[in-house]
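Have a look at the structure below before the remarks.
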Amino acid sequence: MEFRIGDCSSLELAKIYGTPLYVYDKIMILQRIKELKEAFPNVQICYAVKANSNPEILKLIAAEGLGADCSNRIELEYARRAGFDMSKCIFTSVNPKNEDLEKALELDVLINLDDISIFKRLVKIGTPDKICFRINPGFGKGKFPGIVVGGHGTKFGMNEDLTLEAFKLAKSFGVKRFGIHMMTGSCVLNEEYFEELTLVIQDIVERLEKTLDIKFESIDIGGGLGVPYEKHERKLNLKSIGDKISIIYKHPAKLIMEPGRFIVAESGTLLTEVTTIKNNFIGIDAGMSTLLRPALYGAYHPIILANNTEAEFVQEINIVGPICENTDFFAKNRAMPKINEGDILAIQVVGAYGFVMASQYNGILRPAEVLVEHSEHKLIRERELI
Ligand SMILES: Cc1ncc(COP(=O)(O)O)c(C=O)c1O
């Protein structure tokens, strides 16, 4: 059987738009948003734009009424153009430039700073009505070391003492409304972890409110909801996470979550053509510049033969790109069916941190992107040309 995306033939999409090609299933994105809304009815969901910032995808997420989490002035502008309600948007910066701070002030989004020094810089430009600071609780979790963003030795956020100083300083500058933020890691498939985060941040909030004599208006536990990439991994039971959080969350402040991967990852497929078969290598026309995650983290992505999804596995083989690096691989010793030159492979679960990490390295220009809705398909980004 041929691999289909929505109700579209993957082979036909590859023929029409060429390869390598990112294809996203709109219905799956909408389904993930629905699941989030149902599981977390009282939580403000802010999509992390960095996961996938294709303008059409941002538009469809904005139209669902979600907010956005943006990391710099460019992502803020993407969110504005896509039609996000700016009052639901957060600017979570790491080492921002003054231009980023100016843009966040201009768009009047919630400014979330991860160091007291940045607040000192911000007030020279303008003092917002409300401020949020990012706390590093001293621990983190994530599928790969590269995506654990909480804990000692990570560059993100302040410890509790410094966070306290930051709020004191903000208060002394006349800021009257406050939020607090924590983002400790990405691709977490442990359901208890989100409960733990909520408990930890509530404790911190209780101490800070007492010492500072303030009330927080928003409490943000970040993103991090994982998705299964590997056979042994199980889908998160979102409803159970939501139920548990709603029981333990006692604070009147608005609770915010910033999922990126969960919303878009599974909707994406990278279609790529087999160019070469040599020794125990299958060479494809996508490289690490097309999809970086395997080279960057050793990340696993399912790969299937698009022309025949039921073909029997007959070999263990390496699947590699056309780039001059040993890290340019997609699979090592992967059980695969017989594969021929010209076949189309579908690399799955690439909707998050896929195209956004693409580069032009080694003259591999960035691929096109297509959005599928049932049997309809449309180009949502042109293939890059020289
Ligand atoms: C501040 C912030 N929020 C949200 C996210 C989204 O994380 P995820 O895609 O794991 O949900 C990230 C990702 O790194 C982030 O840095």
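The length gained by stretching the chain between Asp161 and Glu12 to full extension, at 0.36 nm per residue less their Cα-Cα distance, is 47.8 nm.
Within 10 Å of each candidate Cβ there may be at most 16 other Cβ atoms; applying that plus a DSSP loop requirement, which chymotrypsin sites (Phe, Trp or Tyr not before Pro) in segment 157-204 survive? Filter output for segment 157-204: Phe173. Derived scalar couplings between HN and Hα for segment 114-126 equal 9, 7, 5, 4, 6, 5, 4, 6, 4, 5, 6, 9, x Hz in order, rounded to whole Hz, by the Karplus curve 6.51 cos²θ - 1.76 cosθ + 1.60 (θ = phi - 60°), x for Gly and Pro. Taking all protein chains as shown and a probe of 1.4 angstrom, Arg261 keeps an accessible surface of around 10 Å².
Counting 0.36 nm for each residue step from Arg383 to Asn326 and taking away their Cα separation leaves a gain of 17.9 nm. Summed over the residues of the chain and divided among them, the accessible surface reaches 43 Å² per residue at a probe radius of 1.4 Å. Using 0.36 nm per residue and subtracting the Cα-Cα separation, the extra length available between Glu2 and Asn279 on full extension is 97.1 nm.
Summary value for segment 301-349: 53 percent relative contact order, contacts being C-alpha pairs under 8 angstrom separated by 6+ residues. Using only Cα atoms and rounding to the nearest 10 degrees, what angle (0 to 90) does helix 73-82 make with the longest principal axis of the chain? Taking the Cα atoms of the chain, the angle to 73-82 is about 70 degrees. Under 17 Å from a label point set 7 Å out along the Cα-to-Cβ vector of Glu102, the amide N atoms of segment 43-77 belong to 72-77. For the listed residue pairs Lys143/Lys168; Lys97/Lys332; Lys210/Lys235; Lys50/Lys239; Lys59/Lys176; Lys34/Lys97, the alpha carbons are over 30 angstrom apart in Lys143/Lys168; Lys97/Lys332; Lys210/Lys235; Lys59/Lys176; Lys34/Lys97.
Could you work out the relative contact order of the chain? I mean the mean sequence separation of Cα pairs under 8 Å and 6+ apart, divided by the number of residues, in percent.
Values: 881 pairs, mean separation 80.8, N = 386.
Worked out over the chain, it gives 21 percent.
Per-residue Karplus couplings for segment 259-269, computed as 6.51 cos²θ - 1.76 cosθ + 1.60 with θ equal to phi - 60°, are listed in order as x, x, 3, 4, 6, 10, 3, 6, 6, x, 10 Hz, Gly and Pro entered as x. Loop-resident chymotrypsin sites (Phe, Trp or Tyr not before Pro) (DSSP state other than H, G, I, E or B) in segment 239-340 with no more than 14 further Cβ atoms inside 10 Å of their Cβ: Phe313. As a fraction of the 1.4 Å probe accessible area of the chain, surface on carbon and sulfur atoms comes out at 50 percent. Looking at the chain, the DSSP beta bridges with both ends there are about 45 percent antiparallel. Across segment 236-386, the mean sequence separation of Cα contacts (distance under 8 Å, 6 or more residues apart), normalised by length, yields a relative contact order of 27 percent. Which part of segment 5-44 falls in the paramagnetic zone of Lys239, meaning amide N under 19 Å from the point 7 Å along Cα-to-beta-carbon? Under cut-off, by backbone N: 30-43. Rounded to the nearest 0.05, the FRET efficiency derived from the C-beta distance between Lys171 and Glu77 at R0 = 41 Å is 0.85.
A Cβ-based charge dipole, computed about the Cα centre of the chain with Lys and Arg at +1 and Asp and Glu at -1, lands at about 800 debye. GNM remark for the chain: springs join alpha carbons under 10 Å apart, and the peak mean-square fluctuation among Gly222, Gly126, Gly354 falls on Gly126.
Return the percentage of antiparallel bridges among DSSP beta bridges fully within segment 142-281, rounded to the nearest 5 %.
About 20 percent, rounded to the nearest 5.
Here is how the number arises for the chain: DSSP H runs of 4 or more residues each give -39500 (n - 2.57), the sum is divided by the residue count, and the result at 222 nm is -9000 deg cm²/dmol. Any chance you could give the angle, 0 to 90 degrees and rounded to 10, that helix 98-107 forms with the longest Cα principal axis of the chain? Helix 98-107 and the main axis of the chain meet at about 80 degrees.
The values are calculated or read from the model by the stated rules, or taken from the named source; none is laboratory data. Not measured: the values here are computed from a predicted model. Note that each Cβ is placed from the backbone with ideal geometry, even for glycine, and that neighbours are counted across all protein chains shown. Remember, those area values only see protein heavy atoms, side chains included, never the ligands or the DNA or RNA. Shrake-Rupley method; radii C 1.70, N 1.55, O 1.52, S 1.80 Å.
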